[in-house]
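Taken together, the values in this text are just the output of simple stated rules run on the coordinates, not laboratory data. The shown structure was predicted, so the numbers you read here are calculated from the model rather than taken from an experiment. Cβ coordinates were reconstructed from backbone atoms using ideal geometry, including for glycine residues, and neighbour counts include every protein chain displayed.
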Amino acid sequence: MISPDIASAVDHLKRGFTVVFPTETVYGLGADAMNPKGVERVFALKGRPRDRPLIVHIEGLSRLEEWAEEIPEGARRLAERFWPGPLTLVLSCRREIPRLVTGGRDTVAVRVPDHPVATALLRAFGGGLAAPSANRFGRLSPTASWHVREFFGDEAGPILEGGPCSTGVESTIVGFSGDRPTLLRPGTVSARMIEEFLGLRILRAGAEEEGAPLPGSGESHYAPCTPLELLPAEALRSRLLSLTSRGDRVGVLALSEWGDLCGQREVTLLPMSRKAPEYARELYAALHALDRGGLGRILVEAPPDGEAWGAVNDRLKRASHHPGGR
Ligand code: AMP
Ligand code: MG
């Protein structure tokens, strides 16, 4: 039985329009990946440069051959182990896939999302959905439906409700050239988990995109509108004092005990989890909340280094770049 919401979303997709659907990572802005008109709408709505390829979401591993020309043994094993889940594989692309989806490349990024609403939509639709995050390019990713409504109102088509996202940061991306895997973007499926499973070391790319120019040092991505600074605890304390002493209102994502600051009128303090998966789940919702608070600055207490924190640290670094500054 297909619910009326899903049936209406499928109708939109078949007519070349976009829909918003929940996944375990973030909410996606989806279009029929085989329909250039729909995919074009995704780029236009997001204001996304055409050379930034989109991830194709499919219902299950059995559909992968419809997108990938070749599936290296390592890629197949990763898909069997981690799908459905927050892992995207970049593989050689079948000829008939519109190159608008792949940013002109001969590789395509594919994943199977782990969310009952996404699965129901993909099953009823029957094809692949090209779906980047349902936000404006470069801004905070949406992990709740109200984040999407704030960005787009009704402009992006129907928004399927799926509650808060359980993973909360974008998928890990692994590319294959031959059988050699490369980590293109860290996520909650860590490089170490992949290495332990495959029994080999994987390369770590310096950039998010294979074959694309390295993101410039000033590139801002996954960022709130409020300027954000990432600082170790001691440096954060002195920065906070200097900002509040000149009357600035400041939001803080805190890991340590900051009891003495809680009472300060200028300070909005959000205590974050010291466990990486929970921190990742809460990260964008916390930043969305601070971003609408009319604050002058967001200070983030730097999380620990180490693999488990790889995805969180990567997103925080990108969020802290403010070209032009303020
Ligand atoms: P998102 O921005 O979360 O929609 O994820 C899309 C990202 O996936 C892109 O910005 C690239 O980093 C990566 N990606 C997608 N397709 C490819 C591809 N064909 N080759 C390399 N990276 C890709
Ligand atoms: Mg995105």
Report summary line: By the mean-Cβ-within-10 Å protection proxy, highest first, 191-200, 308-317, 6-15 rank as 308-317, 6-15, 191-200
Report task. Work out the charge dipole of segment 58-212 with +1 on the Cβ of Lys and Arg and -1 on the Cβ of Asp and Glu about the Cα centre, then indicate which of 178, 199, 102 is farthest towards its positive end. Result -> 199
Requested in this report: Work out how far the C-alpha atoms of the chain reach from end to end along every principal axis, then list the three figures in whole Å, largest first.
Outcome: 60, 46, 36
Query - Dipole-positive endmost among 142, 311, 67 within the chain (Cβ charges, Cα centre) - result: 142
Report summary line: Counting only DSSP beta bridges fully inside the chain, the antiparallel percentage to nearest 5 is 45
Query raised in the report: About the Cα centre of segment 1-60, what is the dipole size in debye to 20, counting +1 per Lys and Arg Cβ and -1 per Asp and Glu Cβ, all else neutral?
Result: 340
Report task. For the chain, build the charge dipole from Cβ charges (+1 Lys, Arg; -1 Asp, Glu) around the Cα centre, then report which of 222, 26, 187 sits farthest towards its positive end. Result -> 222
Query raised in the report: In which sequence would 243, 160, 89 go, from the one with the fewest C-beta neighbours within 10 Å to the one with the most?
Result: 243, 160, 89
Report summary line: Applying the gyration tensor rule to the Cα atoms of segment 1-103 (axes a ≥ b ≥ c; rounded if a/c under 1.5, else prolate if a/b exceeds b/c, else oblate), the class is oblate
Query raised in the report: What is the helix-to-structure angle for 116-125, meaning the angle in degrees between its Cα long axis and the longest Cα principal axis of the chain, kept from 0 to 90 and rounded to the nearest 10?
Result: 30
Query raised in the report: When the helices in the chain are scored as -39500 (n - 2.57) per DSSP H run of 4 or longer and the sum is shared across all residues, what 222 nm value do you end up with, to the nearest 500 deg cm²/dmol?
Result: -9000 deg cm²/dmol
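Note down the net charge around residue 61, summing +1 for each Lys or Arg and -1 for each Asp or Glu among other residues with Cβ under 13 Å from its Cβ. If you can, show how the numbers build up before the last one.
On the way: positive: 63, 76, 77, 81, 111; negative: 59, 65, 66, 80, 114.
Local charge sum for residue 61: 0.
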Requested in this report: For residue 28, list long-range residues whose amide hydrogen, built 1.01 Å from N in the peptide plane, is under 5 Å from its own amide hydrogen.
Outcome: 21, 23, 134
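Before anything else, pin down the relative contact order of the chain: Cα pairs under 8 Å, at least 6 apart, normalised by residue count, whole percent. The partial results should precede the final answer.
Values: 675 pairs, mean separation 61.4, N = 326.
Result for the chain is 19 percent.
Taking the Cα centre of the chain as origin and charging only Cβ (+1 Lys, Arg; -1 Asp, Glu), how large is the dipole, in debye to the nearest 20? All intermediate terms of the calculation are to be shown ahead of the outcome.
On the way: 40 positive and 41 negative charges, 132 e Å.
That gives the chain a dipole magnitude of about 640 debye.
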Query - Debye, to nearest 20: dipole size of segment 249-326, +1 on Lys, Arg Cβ, -1 on Asp, Glu Cβ - result: 340
Query raised in the report: Which shape class, rounded, prolate or oblate, goes with segment 121-270 when its Cα gyration tensor gives a ≥ b ≥ c as root eigenvalues, a/c under 1.5 marks rounded, and past that a/b bigger than b/c marks prolate?
Result: oblate
Query - Radius 11 Å from Cβ of residue 158, net charge of other residues (Lys, Arg +1; Asp, Glu -1) - result: -4
